[in-house]
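The values are calculated or read from the model by the stated rules, or taken from the named source; none is laboratory data. Predicted model, so just to flag it, every value in this text is computed and none were measured. Virtual Cβ from ideal backbone geometry, glycine too; neighbours counted across all protein chains shown.
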Amino acid sequence: MSRTRILAWRKWLAVIFEDEEPRSAVTRLFNALLTILIVSNVSCVILESVGPIRHRFFTEFETFETLATAIFAAEYVLRVWTCVDFHSVPYTHPLWGRLRYMRSFFALVDLVAVLPAVIGVLGAADLRVLRLLRLLRMLKLIRHSTTFGLLWAVLRDEARSVMALLFVLLLTVTISGSLMYMVEGEEQPAVFTSIPVAMWWAIETLTTVGYGDFVPTTVVGRVLGGVVSIVGIGTLALFSGLITVGFIDQLKMYRERQAKLSVAVTDGASLIELHYQTDPADSANGPAIGVAARGAILSVCPHCGSPLPQSAVDRRGGETSYRT
């Protein structure tokens, strides 16, 4: 296979693997099949924990696990190979670019998908750990979820506010745990044995879980427990409100971006006139499909919404033509 053909295959795979690229039919099909494989593999890991099912279908589970691991390993290798053609993040350097990609979050998730098999080959002693690690393959589903992307954007944009609320919670847990140890330590020395143990009670109370393993018996301790419960309700309500408002804002911006893209594609399609032109200089390449868009320069394809590379733009005589 020629080098040109190999580069063409790499660019084609990069369009499928790059998360920021518009979803074509092939990309959607690939993501759907990969999702089915991940869900099926995780389901097998869960069913393997049931003794009778594991003994009855042991061979089938092992065969499917080998097949899934091979597919995940091939996907990881191909993603590392094609990352130099990604447009969203510059990984253009053949060596350092790939190393940079391998340190990214989703690349590490892909590595986790094949890590259990690697550990097994190296001779892991506890196979139960390998089964648990295989459950981490569900993290691969995050890549194809718009919801997780919006949540990550919320946490990124509201990082300072979230850190401030977490600091308030940590401060409340520390102070209330220390006070409860001082109040109940003498009355229940076998229960509130230390400040860290009392801090566990504070976490239970702040989150309104109340397992009942630590219960204050003195009047001061119960009053303190009530105050901590009220503070916990207010703080958690503020935290959930912050996340909700941020998520709504991100969802609104996402919909606006999608609407603008749709309008840009529609307006671009209404301004252009598709025609076939034959340029003597291009006779070796056959007829070229041109787009006459006088006074209008499109940045996205009017059909699929994919960004048009600037190198593909050729202006001749006031016309803007795109070679396909």
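Annotations for the structure displayed:
- Just one of the listed residues (Ala237, Ala190) is among the hydrophobic types (A, V, I, L, M, F, W, C), within 19 Å of Met163 (Cα to Cα), exposed (fewer than 13 other Cβ atoms within 10 Å of the Cβ) and assigned by TED's automatic domain parsing to the domain that holds Ile175, and it is Ala237.
- Tally, over the stretch 158-187, of residues that are surrounded by 14 or more Cβ atoms within 10 Å (Cβ to Cβ) and among the charged types (D, E, K, R): 2
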